[in-house]
1. Name the residues in segment 122-165 that are of a type in the set (Lys, Arg) and out of contact with any Lys or Arg (no Cβ under 7 Å at 6 or more places or on another chain), would you?
2. Say whether the condition of being open to solvent by 30 Å² or more (accessible area, probe 1.4 Å), in contact with a Ser or Thr (Cβ under 6 Å, 6 or more places away or on another chain) and at pLDDT 95 or above is met by at least one residue in segment 119-135.
3. Are any of the residues in segment 2-19 in a strand (DSSP E or B), at pLDDT 95 or above and either out of contact with any Phe, Trp or Tyr (no Cβ under 7 Å at 6 or more places or on another chain) or closer than 29 Å to ASP103 by Cβ (or both)?
4. If I filter segment 44-62 for residues that are farther than 25 Å from LEU322 by Cβ, among the hydroxyl-bearing types (Ser, Thr, Tyr) and open to solvent by less than 50 Å² (accessible area, probe 1.4 Å), do I get at least one hit?
5. Kindly indicate the residue of segment 73-91 that is more than 13 Å from ALA121 (Cβ to Cβ) and touching a helix residue (DSSP H, G or I) at 6+ places or on another chain (Cβ under 9 Å) and also most open to solvent (accessible area, probe 1.4 Å) among those meeting that condition.
6. Would you confirm whether any residue within segment 57-73 is within 19 Å of THR115 (Cβ to Cβ), in contact with a Leu (Cβ under 9 Å, 6 or more places away or on another chain) and of a type in the set (Asp, Glu)?
7. Pick out the one residue from GLU23, GLU73, GLU48 that is touching a Lys or Arg at 6+ places or on another chain (Cβ under 7 Å), of a type in the set (D, E, K, R) and either at pLDDT 95 or above or closer than 22 Å to THR154 by Cα (or both).
8. Just name the residue that is nearest to the chain's Cα centre (by Cα) out of those in segment 145-160 that are of a type in the set (D, E, K, R) and under 14 Å from TYR174 (Cα atoms).
Amino acid sequence: MRIFVPSAALLVGCFCIPAAYAEPLFVSHAANADYRSVQQAIDALPAEGGNVRIAPGVYREKVKISKSGVHMEGTGRKPEDTVIVYGDGAINVGGTARSATLDAAGDALRLENLTIQNDYALNPANPPSQAVALSVTGDRDVVTRVRLLGAQDTLFAGKGSNGRMSRQYFSNCYIEGHVDFIFGNAKAWFRQCELHGLANQAVIYTAQSKAAPDEDSGYVFDHCRLTADPAAGYIALGRPWRPYATVVFLAAKIDAPVIAEGWREWTPGKTNTLRTSYYAEYRSFGVGANPSGREPHSHQLTDGEAARWSLGVFFGGATDWLPRER
């Protein structure tokens with residue numbers, strides 16, 4: 001690995017080189033590439049993380065990132081140019097979490113200008129199953145200009161295995177799927193993202209899983225656009241995976257024909273969690289916006305109520321880890 005050391009970093013008696021000065025590791029399909037797979041480059045990073053740049057191409061592999069401080073970026077002109085894809089389903093790998101194409105558990109993660117896909121559902125021979133494209137469970141994680149492609153359970157935005165709060169920020173991303181395709185219990189903010197429902201008998205954009213009233217989690221979608229394939233049926237904004245699910249849409253452009261109620265019960269006729277969940281909208285517009293017809297337990301926010309869900313308030317004022325684009 002090539003290292004650049006500025007004179008200020010040269011310390012007498014110390015041969016350690018700060019990771020911040022390490023040149024990025026490059027991944028490419030080129031014959032002379034140092035790393036031909038993304039996982040090889042991740043494994044080669046020091047314990048404190050570092051930068052990985054990925055040349056355009058399709059990388060068919062599962063990737064696991066457990067180190068913190070990893071910044072992974074596609075070098076193409078657009079996210080479609082660099083694709084990490086695999087095709088595991090929960091049904092054949094022993095659980096939803098194990099199906100993820102990219103499993104990112106480290107803190108201070110940065111993903112940028114990439115496509116991450118789970119193509120399990122594209123094989124008609126496969127039985128229906130959850131199949132995660134991206135599982136992200138670290139704290140202070142930022143995902144920018146990333147396409148997440150899947151079907152059921154595309155994006156798991158959740159807490160880590162120890163239950164610690166995970167703050168996550170998604171910006172200008174495209175996320176597609178059908179049933180519960182953004183799910184989990186992270187404290188996640190989505191800015192100017194497109195959520196696209198695929199052709200399916202049901203499309204449910206979110207399945208947030210806040211399990212207790214004092215759990216510090218929830219999803220906020222700020223100026224996002226909701227779309228759907230013309231063949232998509234029964235489109236809902238979300239359903240509560242756990243009793244205190246929390247999802248807020250701020251100024252959403254709903255270009256999909258969402259059901260009038262907007263939100264649905266986890267299992268209609270069997271569960272009764274809409275009354276304890278917090279589902280809210282502020283100035284939604286488009287063909288799927290229907291403030292007067294929404295589920296009675298949901299909320300249409302006033303200006304003052306919406307201010308409580310602003311970016312700074314949502315993250316408790318601790319926003320120094322967020323990108324400057326805000």
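The values are calculated or read from the model by the stated rules, or taken from the named source; none is laboratory data. Here the structure is a predicted model, which means the values were calculated and not measured. Reconstructed Cβ throughout: ideal geometry from the backbone, glycine too, with neighbour counts over all protein chains shown. Side chains included, ligands, DNA and RNA excluded: accessible areas come from the protein's heavy atoms. Shrake-Rupley method; radii C 1.70, N 1.55, O 1.52, S 1.80 Å.
1. Within segment 122-165, the first condition is being of a type in the set (Lys, Arg), and the residues that meet it are 140, 145, 147, 159, 164.
If the condition is that a residue be of a type in the set (Lys, Arg) and out of contact with any Lys or Arg (no Cβ under 7 Å at 6 or more places or on another chain), then ARG145, ARG147, LYS159, ARG164 are the ones that fit.
2. At the first step, the residues of segment 119-135 found to be open to solvent by 30 Å² or more (accessible area, probe 1.4 Å) are 119, 121-128, 130.
Within this subset, residues satisfying the condition of being in contact with a Ser or Thr (Cβ under 6 Å, 6 or more places away or on another chain) are 130.
Then drop every residue that is not at pLDDT 95 or above, which leaves 130.
Yes, some residue in segment 119-135 is open to solvent by 30 Å² or more (accessible area, probe 1.4 Å), in contact with a Ser or Thr (Cβ under 6 Å, 6 or more places away or on another chain) and at pLDDT 95 or above.
3. no
4. Among the residues of segment 44-62, at least one is farther than 25 Å from LEU322 by Cβ, among the hydroxyl-bearing types (Ser, Thr, Tyr) and open to solvent by less than 50 Å² (accessible area, probe 1.4 Å), which makes the answer yes.
5. Residues of segment 73-91 that are more than 13 Å from ALA121 (Cβ to Cβ), as a first pass: 73-84.
Next, only the ones that are touching a helix residue (DSSP H, G or I) at 6+ places or on another chain (Cβ under 9 Å) stay: 74-75, 84.
Values: GLY74: 2, THR75: 56, ILE84: 0 Å².
Ranking the qualifying residues of segment 73-91, first place goes to THR75.
6. If we filter segment 57-73 for residues that are within 19 Å of THR115 (Cβ to Cβ), which is where we start, we get 57-65, 70-73.
From what is left, the residues that are in contact with a Leu (Cβ under 9 Å, 6 or more places away or on another chain) are 62-65, 70-73.
Next, only the ones that are of a type in the set (Asp, Glu) stay: 73.
Scanning segment 57-73 turns up at least one residue that is within 19 Å of THR115 (Cβ to Cβ), in contact with a Leu (Cβ under 9 Å, 6 or more places away or on another chain) and of a type in the set (Asp, Glu).
7. Details: GLU23 fails: either at pLDDT 95 or above or closer than 22 Å to THR154 by Cα (or both); GLU48 fails: touching a Lys or Arg at 6+ places or on another chain (Cβ under 7 Å).
Exactly one of GLU23, GLU73, GLU48 is touching a Lys or Arg at 6+ places or on another chain (Cβ under 7 Å), of a type in the set (D, E, K, R) and either at pLDDT 95 or above or closer than 22 Å to THR154 by Cα (or both), namely GLU73.
8. Filtering segment 145-160 for residues of a type in the set (D, E, K, R) gives 145, 147, 153, 159.
Still in the list and also under 14 Å from TYR174 (Cα atoms): 145, 147.
On the way: ARG145: 11, ARG147: 10 Å.
Residue satisfying both the conditions and the ranking: ARG147.
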